[in-house]
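Report on the following structure.
The values are calculated or read from the model by the stated rules, or taken from the named source; none is laboratory data. Computed from a predicted model, the values in this text were never measured in an experiment. As a convention, Cβ positions derive from the backbone with ideal geometry for all residues, glycine included, and neighbour counts pool all protein chains shown. Please note that ligands, DNA and RNA were not included when accessible areas were found on the heavy atoms of the full protein model with its side chains. Shrake-Rupley method; radii C 1.70, N 1.55, O 1.52, S 1.80 Å.
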Amino acid sequence: MTAYEHQAQYYETDQMGIIHHSNYIRWMESARIWWMQQAGIDYGKMEEAGIISPVVGVSCQYKSMVHFGDTVLVALKIEKYNGVKLSLSYRVTDKESGELRMTGNSEHCFMDRGGRLVSLKKEYPDYDEAFVRELRA
């Protein structure tokens, strides 16, 4: 699967003219939703079905700066998935040079709107199959 592409916007910069560190988390989120769509998992439809996927942990390791106008690629892969929890890793690279800009991880769980953990394996096998397929890819 190809990586999510993002062009750094002016409003994402800080006073030093580089992308503010908080925006990398947003890029990870955008890449996750984009990746799920590419894998046939429509997050909007998951929410309509009553499934939410909150972030339970996130980390970033900044390697080099991104500036306004740079285009980056956000590649991600499933590290762990068991039907209830999902762990993803991310690599942000400069599209032009290929230089590594950031690595990161996010952990998610699946819940119903009442806050009860949901097993996609048991309750939503179509979603489970799609995540398993991507884990094996």
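For this structure, a couple of remarks:
- Matching residues, segment 26-35, being touching a residue at least 40 places away in the same chain (Cβ under 8 Å) and surrounded by 15 or more Cβ atoms within 10 Å (Cβ to Cβ): W27, M28, A31, R32, W35
- Number of residues in segment 26-56 that are closer than 20 Å to D126 by Cβ and part of a helix (DSSP H, G or I): the value is 13.
- Residue identified as in contact (Cβ under 8 Å) with a residue 60 or more places away in the chain and touching a helix residue (DSSP H, G or I) at 6+ places or on another chain (Cβ under 8 Å) among V72, V84: V72
- Single match in D94, D14 (criterion: farther than 21 Å from H108 by Cα, without any contact (Cβ under 8 Å) to a residue 12 or more places away in the chain and open to solvent by less than 80 Å² (accessible area, probe 1.4 Å)): D14
- Just so you know, in segment 60-77 the residues that are out of contact with any Ser or Thr (no Cβ under 7 Å at 6 or more places or on another chain) and assigned to a strand (DSSP E or B) include one that is surrounded by the most Cβ atoms within 10 Å (Cβ to Cβ), and it is V74.
- Put simply, of I51, I41, I19 the only residue that is over 11 Å from the mean Cα position of the chain (by Cα), over 25 Å from G69 (Cα atoms), open to solvent by less than 70 Å² (accessible area, probe 1.4 Å) and at pLDDT 95 or above is I51.
- With respect to (1) among the small types (G, A, S); (2) farther than 22 Å from A130 by Cα; (3) in contact (Cβ under 8 Å) with a residue 12 or more places away in the chain, the lone exception for S22 is condition (3).
- Qualifying positions in segment 108-120 - open to solvent by 80 Å² or more (accessible area, probe 1.4 Å) and closer than 25 Å to Y90 by Cβ: L117
- Scanning segment 97-137 for residues that are free of Cβ contacts under 8 Å to residues at least 24 places away in the same chain, in a loop (DSSP other than H, G, I, E, B) and over 23 Å from Q38 (Cβ atoms) gives S97, G114, G115, R116.
- Selection status of S119, polar (S, T, N, Q) and under 28 Å from H21 (Cα atoms): no
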